[in-house]
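What follows is a short report on a single structure.
What follows is calculated from the coordinates using simple rules that are stated; it is not laboratory data. All values reported here derive from a predicted model rather than from experimental measurement. Neighbour counts run over all protein chains shown; Cβ positions are idealised from the backbone, glycine included.
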Amino acid sequence: MNNIYLYQDDFISLLNLINYLIKNKIKPDNIKPLSYCPTLLDEVINLKIEPTNNVIDFIIKIGNNKIFNIIYYVFLSDNENKELIIYYFYLNLLKYQTNIIYMRNLRCVTKALKIAKYVGNEAHRLKGFVRFQKLEHDIYYAEIAPNNNVLFLVSKHFKRRLKNEYWLIKDVKRKILSIYDKKDFYLIDEDNFQINDLKVAQEENDIKNMWKEFYDTIAIKERHNERCRMNFMPKKYWKYIIEMSDE
């Protein structure tokens, strides 16, 4: 039987569970969120640990902000074994502390660094690929469908970039909305907000057409390179990019 330890599907709960397991010298076969569907060979264990933020302060204290971000980025990834990777990374962090990132001979370290880079790169790309459309009441709306759960990272960028506007960003894949009220942004489930009640502003089509015309005008047909364009603008983002919506 595989001992599967469950956590509430959030970062703080995962860190508290891992901290508890390490303190009590428990080696899990796997760690999964409550939504996990066990197999006949799984022994599911739900410890119901009261989550606290102290574990975050502890990680930063024995490591640093960079190491904490690596752990957080791994959590945001779509890797199916991310919880175990974080468990072993945390376990070795207690031993090596700030030197953990130099321990490339450890599989958990190389995997964590690779995954964190992958998540960071996707979040960075989306900062340039997000396209907003204007809705009624001067609200701006955009949709994304990233591989990783990077809505929080993207929202942090647009909080600085569009700090004087009301905006919504929807992660279509995970059905999560980020809502910004000119002060801060909040992540909520799509079911808790009726986005369909907001209509597109009358001038939005004119703005889209102007942007497409600008995009076509600055293009140099003689230098068109489809492979190069897809390297800089992967096709998975085209559906939500105004200038590529016709292709």
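Quick notes on this structure:
- Just checking the listed ones, F89, F132, F193: in the Gaussian network model of the chain with Cα springs under 10 Å, the one fluctuating most is F193.
- With the alpha-carbon atoms of segment 2-122 aligned to their principal axes, the span from lowest to highest coordinate is 39, 28, 24 Å, starting with the largest.
- Dipole-positive endmost among I101, F58, L168 within the chain (Cβ charges, Cα centre): I101
- Likely footprinting exposure, V150, V109, fewest C-beta neighbours within 10 Å first: V109, V150
- Positive dipole terminus of segment 2-122, leading residue within L47, Y7, N69 (C-beta point charges): N69
- Averaging 1/r over every pair of different alpha carbons in segment 41-112 and inverting the result gives a Kirkwood radius of 13.2 Å.
- Gaussian network model of the chain, springs between alpha carbon atoms under 10 Å - residue of Q194, Q133, Q97 with greatest fluctuation: Q194
- Share, in percent, of DSSP beta bridges within the chain that are antiparallel, nearest 5: 50
- Estimated at 0.36 nm per residue, the fully extended path between N121 and I62 surpasses their Cα-Cα distance by 18.6 nm.
- Order of E203, E243, E190, E122 under a 10 Å beta carbon neighbour criterion, fewest first: E203, E190, E243, E122
- Rounded to the nearest 20 debye, the dipole magnitude of the chain is 1360 debye, with +1 charges on Lys and Arg beta carbons, -1 on Asp and Glu beta carbons, and the Cα centre as origin.
- Sorted by Cβ density within 10 Å, fewest first, the residues W167, W238: W238, W167
- Span from the segment 5-56 Cα centroid across to the segment 195-237 one, whole angstrom: 44
- For the listed residue pairs K66/K173; K23/K175; K66/K163; K32/K114, the alpha carbons are over 24 angstrom apart in K66/K173; K23/K175; K66/K163.
- For the chain, the Rg and Dmax computed from alpha carbons only, in angstrom: 21.4, 66
- Nearby lysines by direct alpha-carbon distance to K212 (threshold 23 angstrom, same-chain neighbours under 8 apart not counted): K127, K134, K170, K199, K221, K235, K236, K239
- For segment 2-122, the dipole from Cβ point charges (+1 on Lys and Arg, -1 on Asp and Glu) about the Cα centre works out to 660 debye, to the nearest 20.
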